[in-house]
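The values are calculated or read from the model by the stated rules, or taken from the named source; none is laboratory data. Quick caveat: nothing in here was measured; it's all calculated off a predicted structure. Here Cβ is always computed from backbone atoms with ideal geometry, including for glycine, and neighbour counts include all displayed protein chains. What goes into the accessible areas is simple: the full protein's heavy atoms, side chains included, and nothing from ligands, DNA or RNA. Shrake-Rupley method; radii C 1.70, N 1.55, O 1.52, S 1.80 Å.
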Amino acid sequence: MYDNKILISAGNKKFKLNFKEIWHYKDLLYFLVYRDITVIYKQSILGFSWAIIQPLFSTLIFTFVFGNLANISSDGIPYPVFSLLGVIPWTYFSATLNASGSSLIGASSIFTKVYFPRVLIPITPVISKLSDFTISLSILIIFLIYFGIAPGLNLLFFPLVLLLMIITASGFGFWFSALAIQYRDVKFGISFITPLLMYLAPVVYPSSLILNKFGYDVYLLYGIYPLTGIIDSFRAVFLNSISFPWELYLISLTSALLVFMTGLIFYTKTEKYFADVA
Amino acid sequence: MKIIKVENLSKAYRIGLKEKRSDTLGGAITSFIKKPINNFKRLRNLSNLNEKSKDADVFWALKDINFEVEQGDILGIIGKNGAGKSTLLKILSRITEPTTGQIEINGRVASLLEVGTGFNPELTGRENTYLNGTILGMRKKEIDSKFDAIVDFSGVEKFIDTPVKRYSSGMRVRLAFAVAAFLEPEILIIDEVLAVGDAEFQKKCLGKMQDISQGEGRTVLFVSHNMTAVRSLCKSGIYLENGYVKENGNLEHVINKYFNVLTDTNFILNKNIELENEYIFIKNISYYSGNKQINNGKFEIDKPNTIKIEFDNKSIRGNFNINLLFNSPDGYNIFTVCSPVKNIDIGYHQYNCIIPENFLNDVVYYISVMFVNNANPILNFDNLLTIEGLEPPRVGSWLGKFPGLIKPKFQWNYNL
């Protein structure tokens, strides 16, 4: 049982995260994630196959348009593998961004009736969308086998990429969910901006294009956009031909941590209003 | 021990105001352009409130609330709709923050502002039990150990692995209440959740509520409009009116305050009517419960009541009697009481109609008064009087309202 003494007072502006309390509610997080995963494909014919269909079809279309028609370079990697390695982390990020951004709006019927650590709400989709992500890795394995590509030791860095993905998704989740509950424009804005964000990330083109055209400094600057670090290091993890882009990864990690911390602070400072503005 | 201490608590909300509309094309265009800016200000201000907020759209749902709750107390919070009861519960359960003031709570709080919070129609009864239980602050282990008892109490064993969307609404409510009934916090906050399910299940709920609140020195805060339930469950009370605490402490005082405000009427509804004509002059009509004169017409249904009519007979000759028509507020005549037909002398008369104890129910009655001479009404007042029955504290676990417009206590014989 967590701390039994509760003090409620007006105008408390200090940033405080009650880890003991969050720990008490870990089972709630588990069941929220469980609910998300079980409910999403209920009463659908294809069920979890959707987690494969989405990235697979994006990859096929990108291969046709960008790989064949536009002939965009893929650093010597077969274009389908190249773009799938971009599409998978991208799909996770965009799905989380949409789900997390509207998570508070969707949970308003719960948090206006019961108290529990509000921070669990945008975290839930960050975890539950990992299931789709994991399922989509199976096509990746098929692609790698088909194209005869064997991952090497870089595979050990996979947890690092996962960590960066989770931090980035949670950070944006905190920001957008807290903003969207008060300003619904954010919700519309997210669905409008996600396709644009995809073209900003090296999903259909390699970041070496930036490096070759604008030089190394701009390339590192590009890393501030955390998706650059995520996608480039995700590719490196599975393709032995690319060395792990440490500099880019660290820049992306720093910027993701910045988004995460500021987002968490903003979220916990505004959470007391959620029930009033919802 | 003081388990809850509330000091200078206030809560302000912003309510929407009607927007100005321009009637010129230019004005319409300007206001269209300005609209996003105004929208932004309006939305930003939703969370921008303090004790000095005096804008026209600021509404104070609670104002300077102070009270303390002892450990083991069962506190009834009563008041009309919009008095601030739910806001108070929401602040106490940490759903929303107060605008001013502070609260000290010494214990683990669980709040039931509705049953079945977070129920997902796609999930099965079992899954929802766990989801709802953890939302209410239970741990998985805790639910594991109580699971059988919860299912047993809910009576939906057969459907526990069926998605809740296939449940009837009654089954859903029963399962939801069952989960809540097995919470074991030190402080329990309950808002009107009793008004669910059929009569039988309500009875079960109230019985369970009594068990919960009487067990192990638990503190309960209970908001309800059902005075019978409040009377039987609670030990003390708070009466809220327009955001202020109007009465605090002794439950009977608090409930009386509530009733006086609820129907702040007089026994005689219309005092301006002409009570005199060529035949008769009505001097006074009064109402007694036991020996006590009651001006607001509220009586306890287990005591005899008297309607006393005093009049001067000016010119009535022949057969005379008085009819009292007891009507329900929706205009339906429940029964009529006629005085014996008599010849009366000119001059002062006093008629007492005695309503026996244990005959009327705890509802509102309107009474029409009719004076009859030789089968002709000579003076007739529609719904002139009103009385309201109050029920004394009840023994037993059923606390719902007894249906019916009257509640006679007939004689029973046993095992003849």
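Distance between the C-alpha centres of segment B:285-313 and segment B:130-180: 51 Å, rounded to the whole angstrom.
Taking the alpha-carbon centroid of each part, what is the distance from segment B:36-51 to segment B:66-122 in angstrom? So the two Cα centres are separated by 26 Å. Each label point was placed 7 Å from the Cα along the Cα-to-Cβ direction; for B:LYS409 and B:ARG44 their separation is 6.7 nm.
For the protein assembly as shown, rounded, prolate or oblate, judged on the Cα gyration tensor with a ≥ b ≥ c (square roots of eigenvalues), a/c < 1.5 rounded, else prolate if a/b > b/c? Judged from the Cα gyration tensor, the protein assembly as shown comes out prolate (a/c at least 1.5, a/b above b/c). The relative contact order of chain B, computed from alpha carbon pairs under 8 Å that lie at least 6 residues apart in sequence, is 14 percent. Pairs exceeding a 28 Å alpha-carbon distance, out of B:LYS85/B:LYS165; A:LYS20/B:LYS63; A:LYS26/B:LYS90; A:LYS269/B:LYS141: B:LYS85/B:LYS165; A:LYS20/B:LYS63; A:LYS269/B:LYS141. Quick check on chain A: take the gyration tensor over C-alpha atoms, sort the square-rooted eigenvalues as a ≥ b ≥ c, and tell me if it's rounded (a/c under 1.5), prolate or oblate. It is prolate, given that a/c is not under 1.5 and a/b is the larger ratio. For a paramagnetic label modelled on B:LYS235 (point 7 Å from Cα along Cα→Cβ), amide N atoms under 18 Å away belong, within segment B:1-16, to B:1-6. The longest stretch of chain A left intact once loop-based trypsin sites (Lys or Arg not before Pro) with at most 13 other Cβ atoms within 10 Å are removed from consideration, loops following DSSP, is A:43-183. Cα centroid separation, segment B:366-400 to segment A:154-176: 74 Å.
Approximating the spin labels as points 7 Å out from Cα along Cα→Cβ, the A:PHE214-to-B:TYR13 distance works out to 4.9 nm.
Can you give the FRET efficiency for B:GLU104 and B:ILE37, using 1/(1 + (r/R0)^6), R0 = 45 Å, r = Cβ-Cβ distance, to the nearest 0.05?
0.60
Note on exposure: B:SER47, A:SER243 ranked by accessible area (1.4 Å probe, complete protein assembly) read A:SER243, B:SER47, with the most exposed listed first.
Could you tell me which of rounded, prolate or oblate describes segment A:125-235, using a ≥ b ≥ c as the square roots of the eigenvalues of the alpha-carbon gyration tensor, with rounded for a/c under 1.5 and, failing that, prolate when a/b is larger than b/c and oblate otherwise?
Note, shape of segment A:125-235 comes out oblate.
Straight Cα distances below 14 angstrom link A:LYS129 to the aspartates and glutamates A:ASP36, with same-chain residues fewer than 8 positions distant left out. Among all stretches of chain B without exposed GluC sites (Glu not before Pro) (DSSP loop, at most 14 other Cβ atoms within 10 Å), which one is longest? Counting only loop sites that pass the neighbour cut-off, the longest clear stretch is B:52-273.
Over all other residues within a Cβ to Cβ distance under 12 Å of B:ASN45, the charged ones net out to +1, with Lys and Arg as +1 and Asp and Glu as -1. Rounded to the nearest 20, the size of the Cβ-charge dipole of chain B about its Cα centre is 1140 debye, with Lys and Arg at +1 and Asp and Glu at -1.
For chain A, the mean residue ellipticity at 222 nm estimated from helices alone is -21500 deg cm²/dmol, where every DSSP H run of n ≥ 4 contributes -39500 (n - 2.57) and the total is divided by all residues, rounded to the nearest 500.
When you filter the chymotrypsin sites (Phe, Trp or Tyr not before Pro) in segment A:1-94 for DSSP loop state and at most 12 other Cβ atoms inside 10 Å of their Cβ, you are left with A:PHE15. Solvent-accessible surface, computed for protein heavy atoms with a probe of 1.4 Å, shrinks by 50 Å² or more for the following residues of segment A:258-278 when the other protein chains are added to the isolated chain: A:LYS272, A:ASP276.
Counting only heavy atoms of the protein chains and using a 1.4 Å probe, B:THR162 has close to 40 Å² of accessible surface. Between A:ASN240 and A:ASN18, residue separation times 0.36 nm minus the direct Cα-Cα distance comes to 75.6 nm. The GNM of chain B, with springs linking C-alpha atoms under 10 angstrom apart, assigns the highest mean-square fluctuation among B:VAL156, B:VAL341, B:VAL220 to B:VAL341.
Per residue, the average separation of C-alpha pairs within less than 8 Å and at least 6 apart gives segment B:102-173 a relative contact order of 39 percent. When the Gaussian network model of chain B links Cα atoms closer than 10 Å, the mean-square fluctuations of B:LYS303, B:LYS292, B:LYS35 top out at B:LYS35.
In this structure, the residue pairs whose Cα-Cα separation is over 19 Å, taken from B:LYS257/B:LYS298; B:LYS80/B:LYS203; B:LYS303/B:LYS407; A:LYS5/B:LYS2; B:LYS235/B:LYS257; B:LYS5/B:LYS235, are B:LYS80/B:LYS203.
For the protein assembly as shown, the residue among B:GLY170, A:PHE82, B:SER47 whose Cα projects farthest onto the positive side of the dipole built from Cβ charges is A:PHE82. Computed with every protein chain present, the accessible area of B:MET171 is close to 30 Å² [probe 1.4 Å]. Peptides B:71-83, B:344-356 ranked from most to least packed, by the mean per-residue count of other Cβ atoms within 10 Å: B:71-83, B:344-356.
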